[in-house]
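Novice: The structure under discussion is supplied below as structure tokens; questions concerning it will follow.
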Amino acid sequence: MTRTDLLRYPLYLLRWQLSSPLLAVVTLWLGSGWGPAVVANLIGGLLFFWVDRFLFKSRHLERIVEEWEVLPDGECYDCGQTGRVRRLVFTLDYDRRLDERPQYRCPACSERKLQQVRDLLHRKGTALPS
Ligand SMILES: [Zn+2]
């Protein structure tokens, strides 16, 4: 289980609990039995499809735990531009806190690199190779 999964798992369990009130309301309204259960599951599917999609596809959760190191005056590792540079130090499944040769980048190169990291993490669902 990845760190991203460890963050998503409790949210997923909470989301499952949200289906309980829905089931309770529908069975109070329509009674118990197969028919009301089918209706409750249909309503739940219509609603929770979007919640599940957010939980498993959204990259917002990863951004919550990003840690950056910023230098007001440094040199970009990629293009050599000097000025404000930064590096991503830590996020879910990406840990460069003990990096002995940190690479700082200008805002443009940093965005490009960040997108590569996010794509790789999202595609693999595992930690980056060091
Ligand atoms: Zn650059």
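Novice: Output the relative contact order of the chain, whole-number percent, from Cα pairs under 8 angstrom with separation of 6+ residues.
Specialist: The value is 20 percent.
Novice: Here's something else I'd like to know. Would you be so kind as to identify which of Thr4, Trp34, Thr91 lies farthest towards the positive end of the dipole of the chain, taking Lys and Arg as +1 and Asp and Glu as -1 on Cβ and the Cα centre as origin?
Specialist: Selected residue: Trp34.
Novice: Could you size up the charge dipole of the chain around its Cα centre, putting +1 on the beta carbon of Lys and Arg and -1 on that of Asp and Glu, and report it in debye to the nearest 20?
Specialist: My answer is approximately 240 debye.
Novice: Calculate how steeply helix 34-57 sits against the longest principal axis of the alpha-carbon atoms of the chain, using the helix alpha-carbon long axis, and give the answer as 0 to 90 degrees to the nearest 10.
Specialist: 0
Novice: Per residue of segment 105-121, in order, report the coupling 6.51 cos²θ - 1.76 cosθ + 1.60 (Karplus, θ = phi - 60°) as ³J(HN,Hα) in whole Hz, putting x for Gly and Pro.
Specialist: 9, 5, x, 5, 5, 5, 4, 5, 5, 4, 5, 4, 5, 4, 4, 5, 5
Novice: Once amide H atoms are placed 1.01 Å from N in the peptide plane, what residues at a sequence separation of 5 or more from Asp78, or on another chain, have their amide H within under 5 Å of its amide H?
Specialist: Here Cys106 satisfy the definition.
Novice: Just the Cα atoms of segment 64-124, one point each, no solvent: what log10 I(q)/I(0) does Debye give at q = 0.18, 0.21, 0.26 Å⁻¹?
Specialist: The Debye formula, applied to the Cα set alone, gives -0.62, -0.82, -1.15.
Novice: Whole-Hz Karplus ³J(HN,Hα) for segment 21-26, in order, using 6.51 cos²θ - 1.76 cosθ + 1.60 and θ = phi - 60°, x for Gly and Pro?
Specialist: These are the phi-based 3J(HN,Hα) values: x, 4, 4, 5, 5, 5 Hz.
Novice: Give the relative contact order (percent, whole number) for segment 3-58; include only Cα pairs under 8 Å separated by 6+ residues.
Specialist: Reported as a whole number, the value is 42 percent.
Each reported figure results from applying straightforward, stated rules to the coordinates on display, with no laboratory input. Model, not experiment: these values are computed from the prediction. Here the Cβ is made from the backbone with ideal geometry for all residues, glycine too, and neighbour counts use every protein chain on show.
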